[in-house]
Structures are given as structure tokens and as C-alpha cells.
1. Taking only pairs six or more apart or across chains, which ones have beta-carbon atoms under 9 Å, a first residue in the stretch 248-277 that is in contact (Cβ under 8 Å) with a residue 12 or more places away in the chain, and a second residue that is open to solvent by less than 50 Å² (accessible area, probe 1.4 Å) and among the acidic types (Asp, Glu)?
2. Among the residues of the stretch 209-244, which ones are free of Cβ contacts under 8 Å to residues at least 24 places away in the same chain and either within 21 Å of Pro11 (Cα to Cα) or open to solvent by less than 20 Å² (accessible area, probe 1.4 Å) (or both)?
3. Of the residues that sit in the stretch 133-177 and are open to solvent by 20 Å² or more (accessible area, probe 1.4 Å) and of a type in the set (S, T, N, Q), which one is modelled with the lowest pLDDT?
4. Just to be sure I understand, how many residues within the stretch 180-193 are charged (D, E, K, R) and open to solvent by less than 60 Å² (accessible area, probe 1.4 Å)?
5. I'm trying to understand the selection: among the residues of the stretch 162-209, which are closer than 30 Å to Thr50 by Cβ and among the basic types (Lys, Arg)?
6. Taking the stretch 126-143 on its own, how many of its residues are free of Cβ contacts under 8 Å to residues at least 40 places away in the same chain and out of contact with any Cys (no Cβ under 8 Å at 6 or more places or on another chain)?
7. Do you know which residues across the stretch 292-334 are over 30 Å from His78 (Cα atoms) and surrounded by fewer than 19 Cβ atoms within 10 Å (Cβ to Cβ)?
Amino acid sequence: MEIGGFFPYQPVGSEPNNYVEHTCPDPGDTAHLMSGRCAIYYCLRDLILTDQKRVAYLPSYDCETVLGCFVKAGYEIHYYDFDKNLSPVFEEEMIPQISVLLVCGYYGYPTYDENFVKKCKASGVSVIVDTTHTAFSPLSACPDADYIVVSLRKWMGVASGGLAIKRKGTFGVKPIPINKKQFSLRDQALQSRETYEHTGNEDYNKEGNDVFWKAEFMLREIFDIQEGDEASLKTILHYPFRDAIRKRQENYRYLLEHLPERSDIRPVFPYLSDDICPMFFPFFVENRDALIKHLADRHIPPKVYWPVPPFVKVEDYPGAQYIYSHIMSVSCDERFNTDDMQKIVEAFENY
């Protein structure tokens with residue numbers, strides 16, 4: 001069976017995990033949405049009730065669907081670049097010009113400078129922290145955030161995984177009903193993936209992937225502020241994520257210790273502290289297409305996050321341009337064990 005792929009449905013216990021409090025110790029209001037982009041758009045719909053300026057400062061390295069929320073909400077957008085540690089290169093002269101700042105971590109690592117966030121906050125700029133890539137990291141989200149958003153579909157098997165948290169006060173908007181067609185596609189994809197992981201039958205793997213991407217492309221067209229489903233929320237609030245943290249850390253450390261050293265394939269984060277829970281194991285690769293094919297042929301499907309969004313003139317951001325064209329990652333999540341990580345090591349050794 002492949003080492004990677006999206007999560008299937010999984011059984012969870014009855015013990016609450018206090019995930020919302022883990023992410024934000026003092027939540028004012030929380031909403032469960034169909035997806036992470038729905039959660040971001042939900043926060044923006046709340047924010048524009050008071051934000052008359054509507055100028056956003058966003059990462060030039062991000063997902064099209066995240067940036068598209070600000071486009072849809074009618075914001076004027078400015079972008080910040082990155083260095084090769086995936087740390088933002090903020091420009092302080094932008095602070096008086098903007099009304100909202102979006103920051104996030106990458107692959108489990110909170111890479112942004114909290115001092116810049118504090119300066120924005122002190123100047124009256126609203127702060128949105130997207131914790132999608134740092135969803136399980138033991139540190140709680142940035143204390144200067146006005147809003148915290150997360151998509152948990154890359155961390156567990158849920159059909160709708162968006163959470164929006166307003167740190168103070170309550171949201172001034174209400175979700176609309178879930179899109180039944182999109183939910184049905186997501187449900188079908190997760191069921192097929194569950195069958196594949198139990199049987200190893202590649203027909204179910206192909207079916208699941210085909211339906212998964214059909215659902216994803218549909219979501220790009222119809223996302224709004226759709227609510228999530230009750231079963232997904234139950235999973236989110238009971239998923240044993242602390243066990244997942246330990247297993248992900250073990251797998252990541254195994255790869256760090258055993259992967260061969262090469263000048264053309266470099267781990268983005270060659271360290272792991274106890275306050276980080278990795279999402280994937282990312283690399284910078286000089287000949288990415290060749291390595292992707294090599295791994296995929298060995299049932300290790302890599303991830304590439306992300307293609308360049310159409311909203312970003314990437315040549316203006318050389319740091320982000322390098323990241324977009326060189327980064328890829330492999331899975332190290334809790335579904336897999338040391339034997340699986342050794343198979344990844346051997347695939348790199350044979351490359």
C-alpha cells in the first residue's frame with residue numbers, strides 16, 4: 001500500500017480532546033465550516049462589517065484557495081516574500097497601509113516573526129493566523145491573533161474540516177447550509193480511501209483519488225461560508241491528536257537520522273523540537289520532477305504545495321518563486337511506522 005495519500009474515515013473514541021482550547025486557550029466564538037477556505041472567508045465576512053479600509057498583506061507563498069478568499073471579499077492585496085527557511089520577509093513600511101495581516105506556519109513549523117505581528121496589532125491592523133500547517137503543534141496559536149483558522153482535512157479523516165475562531169466577541173455572521181453535492185463527493189472519496197487502506201485494492205485508491213479531486217475542483221467554484229457536518233465535528237473534537245503528535249515526531253526524526261545526505265535534495269527543516277508537530281517532511285529538490293516520478297513509481301506519492309496562484313506575480317517575489325519551483329514533501333503521519341519510513345529512506349538511497 002502507498003505511503004501517503006489523503007486520510008480515510010477513522011474510528012475515534014468518546015474522550016473529548018479539547019482541541020479548540022489547545023489551539024486557542026481563550027476562544028470568544030468558534031464556527032465549524034465545510035473547509036479551511038470557508039473558514040477564512042467566514043472570518044473576512046465578519047471582519048468587513050467593521051473594516052472600511054480593506055487592504056490585506058498576504059504571503060506570496062500560499063494556496064490559491066486561501067488567497068482567493070481575499071479576492072472574493074474585495075480586498076486590495078499586497079504580498080510579502082520569503083527566505084529559504086520559509087520565513088516571511090516583512091516590510092514594516094507596509095503597516096500603515098494595511099488593515100489585515102495573514103500569517104501562517106509551514107509543514108508544522110511556525111516560521112513568522114511574532115514581533116512584526118505585534119507591531120501590526122499595535123497599529124490597529126487585524127491579524128488572521130492560519131494554523132492549517134501547524135494544526136497539531138503543541139504551541140497554541142499566536143496570542144496577537146484576532147482570528148484563527150484551520151483546515152483539518154490534511155490531519156484526519158473528515159469530510160468538512162474548517163474551524164474559524166474569533167478570539168474576542170462573537171461572529172457577526174452565520175454559516176449557510178452545507179453544499180450537499182460537494183459533501184457527497186467528499187464522503188464518497190473518504191469511504192473509498194477507507195476501503196483501500198483496509199484491502200490494498202488499487203481500484204478503490206484510484207476511485208477515491210478521482211472523486212477527491214472532483215470534490216476539490218468543485219469547492220474552488222462554490223465555496224462560501226457553508227457550515228460543516230456533525231460527524232466531522234465529532235471527529236475533530238475526539239481525534240487522539242496527542243498520540244498523532246508523538247508518532248509524527250518519531251517518523252520525522254527517523255527520516256532526519258537516516259536519509260542520505262545530498263547536495264541536490266535538502267530537508268527544508270533539518271531539525272525538530274518538541275514544540276513542533278510535522279505535517280509532512282519537506283525538501284528542496286533541484287530536479288523535482290525526476291524525484292517525484294521515482295518515488296511515485298515506488299508507491300510513495302509526494303506532495304507539492306502549491307502551484308503558483310494566478311493572483312501572484314511570482315517573479316516579483318524571488319524567494320517565493322524558488323520555493324514554488326523546488327519544494328516537495330513526503331508523508332510521515334501517524335498511519336505509518338518505522339518500517340514505512342525505512343522504505344522512504346531506501347527509495348532515496350536508490351535514486
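1. Listed by first residue and then by second, the contacts come to Arg248/Asp333; Arg248/Glu334; Asn251/Asp333; Asn251/Glu334; Asn251/Asp340.
2. Matches in the stretch 209-244: Glu216, Glu230.
3. If we take residues in the stretch 133-177 being open to solvent by 20 Å² or more (accessible area, probe 1.4 Å) and of a type in the set (S, T, N, Q), then Ser140 is modelled with the lowest pLDDT.
4. Residues of the stretch 180-193 charged (D, E, K, R): 180-181, 186-187, 193.
Those left that are additionally open to solvent by less than 60 Å² (accessible area, probe 1.4 Å): 186-187, 193.
The total comes to 3.
5. We begin by selecting, within the stretch 162-209, every residue closer than 30 Å to Thr50 by Cβ; these are 162-179.
Result: Lys166, Arg167, Lys168, Lys174.
6. Qualifying residue count for the region: 2.
7. Selection gives Ile292, Lys293, His294, Ala296, Asp297, Arg298, His299, Pro301.
For (1) part of a loop (DSSP other than H, G, I, E, B); (2) assigned by the TED database to the domain that holds Asp81; (3) in contact with a Pro (Cβ under 9 Å, 6 or more places away or on another chain), each residue gets a yes or a no:
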| site | (1), (2), (3) |
| --- | --- |
| Met279 | yes, no, no |
| Val308 | yes, no, no |
| Glu315 | no, no, no |
| Tyr324 | no, no, yes |
| Met328 | no, no, yes |
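The values are calculated or read from the model by the stated rules, or taken from the named source; none is laboratory data. Quick caveat, the model's predicted, so the values are computed rather than measured. Don't worry about glycine lacking a Cβ; one is built from the backbone with ideal geometry, like all the others, and counts go over all protein chains shown. Surface areas here come from the heavy atoms of the whole protein model, side chains and all, with no ligands, DNA or RNA. Shrake-Rupley method; radii C 1.70, N 1.55, O 1.52, S 1.80 Å.
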